[in-house]
Amino acid sequence: MQFQITTDYAVRIMRYLYHHQHQLSTAKNLSQELGITYQYFMKVIKRLREADFVESVQGCDGGYRMHPEAKDVTLYQIVEVMEGPIRINRCLEEDCFCSLNATATCDVRKIFTSLQKELIMKLEGIRIADIGR
């Protein structure tokens, strides 16, 4: 399992905005500062805005900044916005599909369930504010 590069970019953007909370930053400046192409930056920032993690201010002095209520956003929340819910195996999807029809008795599923819960708990325990510059 590997997170997409968009998730990495989203974390970078949120981290930067957290550490510059009272500053407005243009898309051009943010993309250059963070080493993200402008087009890719716009794709990621759109999703962060839709999740109310980031707000945009229009006008000649406009730009982006962290939404005031997003200062406690967790890594899991960012991952979920960018990737969707974490599922480390097909049998952990909501429909609990198992090609062996052994969902209730499968020892491997029990291990994966435990690992998935631990991963989610770990990501939920890390706020963007906890990540240094």
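The values are calculated or read from the model by the stated rules, or taken from the named source; none is laboratory data. Note that the structure is predicted; figures quoted are calculated from it, not measured. Glycine gets a Cβ as well: all are built from the backbone with ideal geometry, and neighbour counts include every protein chain shown. Just the protein is used for accessible areas: all its heavy atoms, side chains included, with ligands, DNA and RNA removed. Shrake-Rupley method; radii C 1.70, N 1.55, O 1.52, S 1.80 Å.
Shape of the chain from its Cα gyration tensor (a ≥ b ≥ c, root eigenvalues): rounded if a/c is under 1.5, otherwise prolate when a/b > b/c, or oblate?
prolate
For segment 1-55, what is the accessible area per residue in Å² when the probe is 1.4 Å?
59
Relative to a virtual label point 7 Å from the Cα of Y40 in the Cα→beta-carbon direction, which members of segment 77-92 show backbone nitrogen distances below 17 Å?
Answer for segment 77-92: 82-83.
Which of the aspartates and glutamates could a cross-linker span from K110 if the Cα-Cα distance has to be under 14 Å and same-chain partners fewer than 8 positions apart are dropped?
E93, E118
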